[in-house]
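Engineer: This is the structure I want to talk about, given as structure tokens.
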Amino acid sequence: MPEEKILVIGACGQIGVELTLALRYSFGEEAVIAADIRPEPHVLRNSGRFIPIDIMDRETLAIQVRRYRVTQVYFSSIKQHLITT
């Protein structure tokens, strides 16, 4: 059975941070890669790998998935829209 490699996209938000930390506790720090377009929050520093990434850049995302041999992807990003009338 292959070793799990988990990519958490949107890891810098409130849910993403909690999800990343919980997955790192369950699977180990080396198994979970945090990723976000925003800078790495202090709470995630020194707890495992972080990669800055814009997921709208499909080619870069695909390269990172292959590079780290990702087996699971969690997407915890929420895009907010402001509507003015």
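Coordinate-derived values only; no laboratory data. Given the structure is predicted, the values throughout are model-derived calculations rather than measurements. No Cβ is skipped: glycine too gets one built from the backbone with ideal geometry, and neighbour counts run over all protein chains shown.
Engineer: Could you list Phe27, Phe75, Phe50 so that the one with the fewest beta carbons within 10 Å of its beta carbon is first and the one with the most is last? Could you put the intermediate results ahead of the total?
Structural biologist: Values: Phe27 16, Phe75 11, Phe50 20.
Fewest-to-most ranking of Phe27, Phe75, Phe50: Phe75, Phe27, Phe50.
Engineer: How much net charge surrounds Thr20 when only the other residues with a Cβ under 11 Å from the Cβ of Thr20 are counted, with Lys and Arg +1 and Asp and Glu -1? Spell out each step's value before the answer.
Structural biologist: Numbers: positive: Arg24, Arg49; negative: Glu18, Glu29, Asp36, Glu40.
Charge balance near Thr20 sits at -2.
Engineer: Based solely on its DSSP helices, what 222 nm [θ] is calculated for the chain when runs of n ≥ 4 H residues each add -39,500 (n - 2.57) and the sum is averaged over all residues, nearest 500 deg cm²/dmol? Numbers along the way, then the final one.
Structural biologist: Working: 2 runs with 24 residues, N = 85.
Result for the chain: -9000 deg cm²/dmol, rounded to the nearest 500.
Engineer: Here is a further query. To two decimal places, what compactness ratio does the chain give when its Cα radius of gyration is scaled by 2.2 N^0.38 Å? Mind dumping the intermediate values first?
Structural biologist: Numbers: Rg = 13.3 Å, N = 85, 2.2 N^0.38 = 11.9 Å.
Cα Rg divided by the expected 2.2 N^0.38 Å: 1.12.
Engineer: Next up: Restricting the count to DSSP beta bridges whose residues both fall in the chain, what percent are antiparallel, rounded to a multiple of 5? Provide the component values of the computation, followed by the final result.
Structural biologist: Working: 0 of 11 bridges.
Antiparallel bridges make up about 0 percent of those DSSP assigns within the chain.
Engineer: Would you please state which residues of region 3-21 a label at Asp54 would reach in this model, taking the label point 7 Å out along Cα→Cβ and a backbone N cut-off of under 19 Å?
Structural biologist: Within reach of a label on Asp54: 9-13.
Engineer: Figure the gain on full extension for Phe27 and Val65 (residue separation times 0.36 nm, minus the Cα-Cα span) and round it to one decimal in nm.
Structural biologist: Working: separation 38, 0.36 × 38 = 13.68 nm, distance 1.78 nm.
Extra length available between Phe27 and Val65 comes to 11.9 nm.
Engineer: Another question, if that's okay. Roughly speaking, what is the stretch gain from Arg45 to Ile15, that is 0.36 nm per residue apart minus the C-alpha to C-alpha distance, in nm to one decimal? Let's see the in-between values first.
Structural biologist: Values: separation 30, 0.36 × 30 = 10.80 nm, distance 1.63 nm.
Answer, rounded to one decimal: 9.2 nm.
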